[in-house]
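Everything on this sheet refers to the single structure shown next.
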Amino acid sequence: AQKITQTQPGMFVQEKEAVTLDCTYDTSDPSYGLFWYKQPSSGEMIFLIYQGSYDQQNATEGRYSLNFQKARKSANLVISASQLGDSAMYFCAMREGYRYGNKLVFGAGTILRVKS
Amino acid sequence: DTGVSQDPRHKITKRGQNVTFRCDPISEHNRLYWYRQTLGQGPEFLTYFQNEAQLEKSRLLSDRFSAERPKGSFSTLEIQRTEQGDSAMYLCAMKEGETQYFGPGTRLLVL
């Protein structure tokens with residue numbers, strides 16, 4: 001079974017508007033972490049935001065926030081006030097418990113295009 | 001700057017040749033990870049090191065692949081007898097706190 005599912009292959013958003021990128025996950029481990037990374041065309045994976053499974057509040061980092069709904073096993077990324085430089089591939093990833101070595105499992109990604 | 005450099009950034013080789021990639025974290029970190037990313041996919045875990053010890057290898061890591069981290073700092077990933085299916089981006093990451101920070105990657109093209 002897919003551990004990380006990103007159902008939106010591509011998304012468009014108008015500059016200065018907000019956009020939500022969807023991510024659902026599957027794990028039976030009570031301790032896990034959820035991450036979002038941005039990958040521009042240059043190829044580098046840029047860390048954006050992290051949410052731990054025991055964190056009570058949704059994580060925020062500047063214009064990025066993570067909408068964590070534990071019961072629904074979703075961890076959607078919200079980008080507010082989109083900028084042209086936000087155009088990139090976005091990956092959701094999960095780290096399961098420490099016995100799994102902290103390796104990350106990634107989704108297939110969502111391409112975001114910001115229109116001017 | 002993520003604090004991780006990789007060399008080379010690009011490599012073109014002919015099928016059957018051996019290639020070696022290097023990953024250098026700027027500062028010392030216990031855990032170092034290798035991932036492979038093929039076109040249109042998310043990265044997939046290959047292997048990771050805790051200091052010098054290689055603690056886990058993915059089934060993706062066939063016997064043509066070998067990774068080392070001899071002094072617990074930099075790491076190398078070697079692919080012997082390359083195949084066209086090895087064409088991918090090879091990413092190295094170091095763990096700091098809860099987060100893995102990635103290097104710029106090495107793009108390999110096998111002709």
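Side notes on the structure shown:
- Flagged links, alpha-carbon separation over 31 Å, of A:K70/B:K71; A:K38/B:K57; B:K11/B:K71: A:K70/B:K71
- Net charge, B:T47 excluded, C-beta distance under 14 Å - Lys, Arg +1, Asp, Glu -1: +2
- Partners for A:K73 among aspartates and glutamates (Cα-Cα distance below 19 Å; same-chain residues under 8 apart left out): A:D22, A:D26, A:D29, A:D55, A:E96
- Contact order normalised by residue count of chain B, Cα under 8 Å, 6+ apart, percent: 37 percent
- Pair-distance profile P(r), taking every C-alpha pair of segment B:46-86, with 5 angstrom steps and integer %: 6, 22, 31, 22, 12, 6, 1
- Dividing the mean sequence gap of close Cα pairs (under 8 Å, 6+ apart) by how many residues segment A:47-116 holds gives a relative contact order of 22 percent.
- The modelled label-to-label distance between B:Q41 and B:L60, using points 7 Å beyond Cα along the C-beta direction, is 0.6 nm.
- All-pairs alpha carbon distance profile, chain B, 5 Å steps from 0, percent: 2, 13, 25, 27, 19, 10, 4, 0
- Relative pair counts by distance (%), Cα atoms of chain A, 5 Å bins: 2, 12, 23, 25, 19, 10, 5, 2, 0, 0
- Here the mean projected area of the convex hull built on the C-alpha positions of the protein assembly as shown is 12.5 nm².
- Between B:R36, B:R59, B:R22, the residue with the greatest mean-square fluctuation in the GNM of chain B (Cα pairs under 10 Å linked by springs) is B:R59.
Quick note: the coordinates plus some simple rules give every number you see, no bench work behind them. Quick caveat, the model's predicted, so the values are computed rather than measured. No Cβ is skipped: glycine too gets one built from the backbone with ideal geometry, and neighbour counts run over all protein chains shown.
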